[in-house]
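Worksheet: one structure, shown below.
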Amino acid sequence: MSQVGELVRPARLAPGARVAVVAPSGPVPEERLQAGLDVLRGWDLDPVVAPHVLDRHGTFDYLAGTDADRAADLQAAWCDPSADAVLCARGGYGTQRMVDLLDWEAMRAAGPKVFVGFSDITVLHEAFATRLGLATLHGPMAAGIDFVKNSRAQEHLRATLFAPETVRVIASSGTPLVPGRARGVTLGGCLALLAAELGTPHARPSARGGLLCLEDVGEETYRVDRYLTQLLRAGWLDGVAGVLLGSWKACDPYERLRPLLADRLGGLGVPVVEDFGFGHCEGALTVPFGIPAELDADAGTLTLDRPALR
């Protein structure tokens, strides 16, 4: 199986940069979107909202408009030479339905740019890695509560976008579930989506050689067990270098979930850090994917070999 490799880093943002905001997944609350746009303008960025961001699907109200329209928005934003970055408005569900409608040849021809999102956007992090060979940012989204209201989440993303050399060491309050240090290339996202990606056109063959970031929201322990067991049975975790566990918001109480994580991941024989502070939590850290790094599970740090953006 292939090794998780370093990916191409897009250029950092500068004041005045134009950022496109898209909604590949669920419907977007207009008030929160406007608040997020105000934050971006406060950073001296020029946010441009894609045409269908505030749409809602006529039949499936958990989708932000039709699959074709959500795909067209992302495609147009990515291929717009005046856009320096594409920020997702929110997660939810729906990226799997639109990802195969994208023209990957056209997107590759458009060149690298910054891409930010998390949760359901895990599907696009994987696709950008496998189809475009591009490093991406697992971070707060433009209409997310955390982005709008939490200064730590805002500032860590802002530093990553504008001055990435200042956040090469990502320090958390994390503690070792399995102690030790490991080196590898970062990848991952929402556990349920990584399991759902298996066997699809964008799925990477394994996480071998990777520092795998995992988090999820609103899942019972037996479902987390099922997702991890699926990844284990598929051989997807064979050769993984280390594991970073983020938030498990609205899952079962952590004292119930923790033994399951230890049971399923402890046998990998690699360092595992818990409570690393990314994902569906307050003050979520921005974690770049596709960057070689060192995990120190005992210290709760992830040290990037180079800045997330050029």
_So for the range 195-207 (the condition being aliphatic (A, V, I, L, M) and part of a strand (DSSP E or B)), does at least one residue qualify?_
no
*Can you name the residue in the range 251-310 that is of a type in the set (Lys, Arg) and touching a residue at least 60 places away in the same chain (Cβ under 8 Å) and, of all such residues, is farthest from LEU232 (Cα to Cα)?*
ARG310
*Of all the strands (runs of 3 or more DSSP E) wholly in the range 269-310, which have at least 2 residues that are within 15 Å of the chain's Cα centre (by Cα)?*
287-289
_Step by step: first the residues of the range 112-128, then only those that are touching a Ser or Thr at 6+ places or on another chain (Cβ under 7 Å) and under 21 Å from ARG12 (Cα atoms), then the one that is surrounded by the fewest Cβ atoms within 10 Å (Cβ to Cβ). Which residue is that?_
PHE128
*Return a yes/no flag: does the range 18-31 have any residue that is open to solvent by 50 Å² or more (accessible area, probe 1.4 Å) and closer than 18 Å to PRO112 by Cα.*
yes
*Subset tally (residues that are among the polar types (S, T, N, Q), open to solvent by 60 Å² or more (accessible area, probe 1.4 Å) and either closer than 16 Å to PRO292 by Cα or not in a helix (DSSP H, G or I) (or both)) for the range 154-173*: 1
*Would you check if there is a residue in the range 70-78 being in contact with a strand residue (DSSP E or B) (Cβ under 9 Å, 6 or more places away or on another chain), at pLDDT 95 or above and open to solvent by 40 Å² or more (accessible area, probe 1.4 Å)?*
yes
_Qualifying positions in the range 129-150 - out of contact with any Ser or Thr (no Cβ under 8 Å at 6 or more places or on another chain), open to solvent by less than 10 Å² (accessible area, probe 1.4 Å) and either at positive phi or not hydrophobic (A, V, I, L, M, F, W, C) (or both)_ = THR136
_Could you go through the range 239-260 and let me know if any residue there is surrounded by fewer than 19 Cβ atoms within 10 Å (Cβ to Cβ) and among the β-branched types (Val, Ile, Thr)._
no
_Answer from ASP225, ASP238, ASP252 - the residue that is out of contact with any strand residue (DSSP E or B) (no Cβ under 7 Å at 6 or more places or on another chain) and not in a loop (DSSP other than H, G, I, E, B)_ = ASP225
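The values are calculated or read from the model by the stated rules, or taken from the named source; none is laboratory data. Keep in mind it's a predicted model, so treat the numbers as computed, not measured. Heads up, the Cβs are rebuilt from the backbone with ideal geometry, glycines too, and the neighbour counts pull from every protein chain shown. Just so you know, the surface numbers come from the protein's heavy atoms only, side chains and all, with ligands and any DNA or RNA stripped out. Shrake-Rupley method; radii C 1.70, N 1.55, O 1.52, S 1.80 Å.
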